[in-house]
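In what follows, a structure is listed as structure tokens, so that the remarks can point back to it.
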Amino acid sequence: MFEHSSVNLDILKKRAFNLRWATVPEGVIPLTAADPDFPSAPEIAEAIIRFTKDRYLSYGPPAGLPEFKESVASFFTHKRNIPANPEFIFPVDSAAFGIYLTCKTFIMPGDEVIIFDPVDFLFRYSTEAIGGIAVPFAIPAGDTPVDFDKLERLITTKTRMICLCNPLNPTGKVFTKQELLQLGEIACKYNLIILSDEIWSDIVYTPHVFTSIASLNEEIRNQTVTVTGYSKSYGLAGLRIGTVMASNPEHYTLLFAASLHNSTIHGANVLSQVAALTALNDCDYWLKDFVSHLQRMRDLCVSELNAVPGFKCIEPEGCYVAFTNVTGTGRSSKEIHQLLLEEAKVAVVPGAKEWFGEGAEGFIRMSFATSEDILREALSRIKNTIR
């Protein structure tokens, strides 16, 4: 399923947007947005076809299809060890919207939100779009210990939320159970909401193990809003489907009211819910093979990047992105990005503040969710250009 022959570049060049094949110049290999180059599992397409063949595409329940909510609750209960209640789960039109919705629900203009640095721009964007203040907390790549004393010193009377991205995009860090416990205890001590973004939670490499912070204990669970999605695991980005889950009934009530789902202004596409529940119920085999392929590509990527003069790539524990320190080249992130685009014909994401925060300067990020042939060609071009 993950051989080079599975990658249809003709289709990707028509459909893969967001800095990928459909938007880069001809001849450029895009290792940019974290979106697989492989087609999704066949069961997903078959389920959508079965649903649509009767030609009734009516309104769905505002809080989500019952079978979707049950499937997600089963996933969280059996695979994440969270006693999930389907009544406190609802679909949203992407994990990105779930992040924004949680910020919209729990912070007011002037409130402070602690976000990691570096981290995906959506946390800062969502906080600032509501008038909040994003307070960065440095999380170094690799196994450098997290400074929880420093985290606690960042908390003020205006702090309302801590945003947890686990595994952490762009560094690939997978937080240990002890680290999560320390973070959770701090949040409980100061009565802070924990926004736990777990969209990458399926993409974890041995021997590392993913732990959901809401699984640790009831006190931490009741402070946590868990947001996830299905694009990274199953290649469903274009269907725009995610999930928001609360364990605290009051949190659920506030979140659902803020979502505007009851008004039909917002809501999750019924076909997308069908696709996601099919992925969860029937596509474990596909995900297992995908992660196995990704682990091989991760190893290849790290080995080859560390052979490039001036590059240093710390092995990601999760996610399918390689975060590489390029300061040894004497050039900035944006300069390396431009050099690779123009001369190597490889597109990467520069470690700019607008993408990942100030802590990303001096790094580039590249996705390796592609075939071995495409990845080897891109890495060869990078190596030859920098040399």
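The values are calculated or read from the model by the stated rules, or taken from the named source; none is laboratory data. These numbers were taken from a predicted model, which means no experiment stands behind them. Please note: Cβ atoms are built from the backbone with ideal geometry, for glycine as well, and neighbour counts cover all protein chains shown.
Applying the condition of being over 21 Å from Lys353 (Cβ atoms) and not in a loop (DSSP other than H, G, I, E, B) to region 118-150 and asking which residue is nearest to the chain's Cα centre (by Cα) yields Phe148.
Restricting attention to region 204-213, does a residue exist that is modelled with pLDDT under 95, hydroxyl-bearing (Ser, Thr, Tyr) and part of a loop (DSSP other than H, G, I, E, B)? Among the residues of region 204-213, not one is modelled with pLDDT under 95, hydroxyl-bearing (Ser, Thr, Tyr) and part of a loop (DSSP other than H, G, I, E, B), which makes the answer no. Of all the residues in region 314-339, those that are over 14 Å from Ala378 (Cβ atoms) and part of a strand (DSSP E or B) number 3.
Residue under question is Glu198, and the condition is that it be of a type in the set (D, E, K, R) and surrounded by fewer than 17 Cβ atoms within 10 Å (Cβ to Cβ); does it hold?
Working: of a type in the set (D, E, K, R): yes; surrounded by fewer than 17 Cβ atoms within 10 Å (Cβ to Cβ): no.
Taking the combined requirement at face value, the residue does not satisfy it.
Filter region 27-45 down to the residues that are more than 14 Å from Phe290 (Cβ to Cβ) and free of Cβ contacts under 8 Å to residues at least 24 places away in the same chain and list them by number. If the condition is that a residue be more than 14 Å from Phe290 (Cβ to Cβ) and free of Cβ contacts under 8 Å to residues at least 24 places away in the same chain, then Ala45 is the only one that fits. Residues in region 1-17 that are part of a helix (DSSP H, G or I), free of Cβ contacts under 8 Å to residues at least 60 places away in the same chain and not aliphatic (A, V, I, L, M): Ser5, Asp10, Lys13, Lys14.
Do you know which residues across region 266-312 are over 28 Å from Ile382 (Cα atoms), outside any helix (DSSP H, G or I) and of a type in the set (Gly, Ala, Ser)?
Step one: of region 266-312, the residues over 28 Å from Ile382 (Cα atoms) are 266-288.
Restricting the remaining residues to those that are outside any helix (DSSP H, G or I) gives 266-269, 283.
Gly267, Ala268, listed by residue number.
Quick test of your reading of the structure: Lys150 fulfils all but one of (1) in contact with a Lys or Arg (Cβ under 8 Å, 6 or more places away or on another chain); (2) surrounded by fewer than 18 Cβ atoms within 10 Å (Cβ to Cβ). Name the failing condition by number. Every listed condition holds for Lys150 apart from (1). A single member of Ile99, Ile115 is closer than 26 Å to Ala352 by Cα, out of contact with any Gly (no Cβ under 8 Å at 6 or more places or on another chain) and surrounded by 24 or more Cβ atoms within 10 Å (Cβ to Cβ), and it is Ile99. Checking Gly362, Gly351 one by one, the residue that is surrounded by fewer than 23 Cβ atoms within 10 Å (Cβ to Cβ) and farther than 22 Å from Gly235 by Cα is Gly362 and no other. Checked against (1) surrounded by 15 or more Cβ atoms within 10 Å (Cβ to Cβ); (2) more than 18 Å from Arg20 (Cα to Cα), Ala344 meets all criteria but (2).
Within region 141-149, is there a residue that is under 22 Å from Tyr252 (Cα atoms), modelled with pLDDT of 95 or more and not basic (Lys, Arg)? No: zero hits.
Quick check: is even one residue across region 248-267 under 26 Å from Ile374 (Cα atoms), free of Cβ contacts under 8 Å to residues at least 40 places away in the same chain and not β-branched (Val, Ile, Thr)? There is no residue in region 248-267 that is under 26 Å from Ile374 (Cα atoms), free of Cβ contacts under 8 Å to residues at least 40 places away in the same chain and not β-branched (Val, Ile, Thr). Within region 238-274, the set of residues being buried (at least 19 other Cβ atoms within 10 Å of the Cβ) and farther than 26 Å from Arg55 by Cβ comprises Gly242, Thr243, Val244, Met245, Ala246, Ser247, His251, Tyr252, Leu255, Phe256, Ser259. Among all positions in region 176-194, there is no residue which is surrounded by 21 or more Cβ atoms within 10 Å (Cβ to Cβ), at pLDDT below 95 and in contact with a helix residue (DSSP H, G or I) (Cβ under 9 Å, 6 or more places away or on another chain).
Only one of the numbered conditions (1) touching a Gly at 6+ places or on another chain (Cβ under 7 Å); (2) of a type in the set (Ser, Thr, Tyr); (3) within 17 Å of Pro62 (Cα to Cα) is violated by Tyr252, and that is (1).
In region 6-13, is there at least one residue being charged (D, E, K, R) and within 19 Å of the chain's Cα centre (by Cα)?
So the first thing to find is which residues in region 6-13 are charged (D, E, K, R), and the list is 10, 13.
Right, trim to within 19 Å of the chain's Cα centre (by Cα) and you get none.
No.
Residues that are assigned to a loop (DSSP other than H, G, I, E, B) and either surrounded by fewer than 20 Cβ atoms within 10 Å (Cβ to Cβ) or at positive phi (or both) within region 81-92 comprise Asn81, Pro83, Asn85, listed in sequence order. Taking the numbered list (1) basic (Lys, Arg); (2) assigned by TED's automatic domain parsing to the domain that holds Cys319; (3) part of a helix (DSSP H, G or I) in turn, Lys69 passes all entries but (2).
Being in a loop (DSSP other than H, G, I, E, B), out of contact with any His (no Cβ under 7 Å at 6 or more places or on another chain) and on the phi > 0 side of the Ramachandran plot holds for only one residue in Arg55, Arg20, and it is Arg55.
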